[in-house]
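Remarks on the structure that follows.
The values are calculated or read from the model by the stated rules, or taken from the named source; none is laboratory data. No experiment lies behind these values; they were computed from the predicted model shown. FYI the Cβ positions are ideal-geometry reconstructions off the backbone, even for glycines, and counts take in every protein chain you see. What goes into the accessible areas is simple: the full protein's heavy atoms, side chains included, and nothing from ligands, DNA or RNA. Shrake-Rupley method; radii C 1.70, N 1.55, O 1.52, S 1.80 Å.
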Amino acid sequence: MTTHREPLESVLDTVGETPLVRVHASPDEVPVYAKLESFNPGASVKDRIGMYMLEQMLESGELPEGGTIVEPTAGNTGIGLAVAAGQLGIRAVFVVPERFSVEKQTLMRALGADVVNTPTEDGMGGAIDKAQQLADELDDAVVPQQFSNPLNPEAHYETTAPEVYDALDDEVGALVAGCGTAGTLMGMARYGRENHEDTFVTAVEPVGSLYSTLHGRDVEEAAYKTEGIGTHNPATNELFDPELVDEIVQIGDRETHAEMQRLATEEGHLVASSSAANCLAALDVAERAAAGELDLPYDSVVTVFPDSSERYLSKGVYGDFESWEG
Ligand code: PMP
């Protein structure tokens with residue numbers, strides 16, 4: 001909680017209430033605002049679902065007191081879950097595809113979690129299967145499964161979205177966010193559409209990702225460097241509801257890489273690739289609205305900066321494009 005000044009009891013009291021900051025590059029008539037999720041204690045948007053899913057599962061009894069969670073994760077969810085698990089007396093085991101950043105895996109271990117790697121070529125699907133297999137071998141283990149658990153979007157419906165709407169007096173014209181599990185965008189979009197049924201919703205994915213096929217577009221699959229968003233197999237992204245989304249836009253790695261650098265030098269944001277992709281997509285929505293090409297119920301666009309570039313320095317995010325490992 002960045003806005004509170006009194007002493008707090010637990011690090012979990014600092015999850016959420018992150019700042020909302022105007023993106024300077026956006027048009028004056030239609031400003032873009034970014035929710036800075038690196039202000040959370042585990043430094044990403046995933047602290048929200050880590051705390052929310054565990055608290056809800058403990059309350060419903062699905063997760064026994066002192067039990068174990070086993071989760072397939074690209075990293076940030078592991079850190080978010082590990083922060084919460086440590087404070088709630090839960091053991092945490094994470095299954096992470098090898099290619100994901102070593103910084104994230106080091107942090108999960110520092111928080112007391114165990115990390116199991118799966119081969120990069122098996123993708124998130126391989127990590128999901130392995131997590132289920134490990135959980136079946138233990139008696140007290142639950143797989144929160146962020147890719148299909150309705151508590152994931154619910155965390156954003158209950159926290160991220162109301163914070164944004166409160167900050168902007170309910171006047172939000174468009175919501176723009178990259179989709180990994182799609183929990184962030186789905187939770188915010190559901191809240192937004194209840195607030196105003198014409199709220200414009202844009203899903204963001206890297207070029208090479210296949211979410212666009214869910215809107216009937218014939219896009220080509222390819223590897224991409226942007227981390228944390230996109231999918232090679234939309235069947236594993238069960239939370240994504242194409243009906244809650246007006247458009248799915250693709251952003252190329254090269255543009256994303258340049259925007260990451262611009263956000264740092266021009267706007268002082270040390271944010272990672274998914275934030276940069278989100279920012280480009282949000283700026284494009286705002287510019288179309290400012291040019292009269294898009295009708296928004298209010299003149300504002302909201303996006304999310306999910307995490308910080310510090311988490312990816314070993315991958316050369318601020319070097320030239322070719323040496324960025326992604
Ligand atoms: N950016 C980063 C860096 C992430 O780790 C994630 C989660 N995979 C996202 C964006 C996307 O969030 P969501 O899973 O809620 O779609």
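Values as computed for the structure displayed
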item: Boolean, residue 320 is more than 10 Å from the ligand (Cβ to nearest atom) and either under 20 Å from residue 23 (Cβ atoms) or under 19 Å from the mean Cα position of the chain (by Cα) (or both); result: no
item: Members of segment 203-232 found to be among the aliphatic types (A, V, I, L, M) and closer than 20 Å to residue 187 by Cβ, listed by number; result: 203, 204, 214, 229
item: Qualifying residue in segment 37-45 (condition: under 18 Å from the mean Cα position of the chain (by Cα), open to solvent by 40 Å² or more (accessible area, probe 1.4 Å) and over 18 Å from residue 176 (Cα atoms)); result: yes
item: Filter pass, residue 34 being in contact (Cβ under 8 Å) with a residue 24 or more places away in the chain and in contact with a Cys (Cβ under 9 Å, 6 or more places away or on another chain); result: yes
item: So residue 259, is it out of contact with any Asp or Glu (no Cβ under 9 Å at 6 or more places or on another chain) and part of a helix (DSSP H, G or I); result: yes
item: Filter pass, residue 115 being within 16 Å of the ligand (Cβ to nearest atom) and surrounded by fewer than 20 Cβ atoms within 10 Å (Cβ to Cβ); result: yes
item: Residue 61 at positive phi and modelled with pLDDT of 95 or more; result: yes
item: Members of segment 250-303 found to be within 14 Å of the ligand (Cβ to nearest atom) and hydroxyl-bearing (Ser, Thr, Tyr), listed by number; result: 256, 273, 274, 275, 303
item: Members of segment 210-255 found to be part of a loop (DSSP other than H, G, I, E, B), of a type in the set (Gly, Ala, Ser) and closer than 25 Å to residue 296 by Cα, listed by number; result: 216
item: Test: residue in segment 170-183 that is within 14 Å of the ligand (Cβ to nearest atom) and either within 18 Å of residue 55 (Cβ to Cβ) or open to solvent by 20 Å² or more (accessible area, probe 1.4 Å) (or both); result: yes
item: Considering residues of segment 43-60 that are of a type in the set (S, T, N, Q) and touching a residue at least 60 places away in the same chain (Cβ under 8 Å) only, the residue nearest to the ligand (Cβ to nearest atom); result: 44
item: Hits in segment 191-209 (condition: touching a Gly at 6+ places or on another chain (Cβ under 8 Å) and open to solvent by less than 50 Å² (accessible area, probe 1.4 Å)); result: 199, 200, 201, 203, 204, 205, 206, 208, 209
item: Scope segment 1-51; condition in a strand (DSSP E or B) and touching a Pro at 6+ places or on another chain (Cβ under 8 Å); matching residues; result: 22, 23, 35, 36, 44
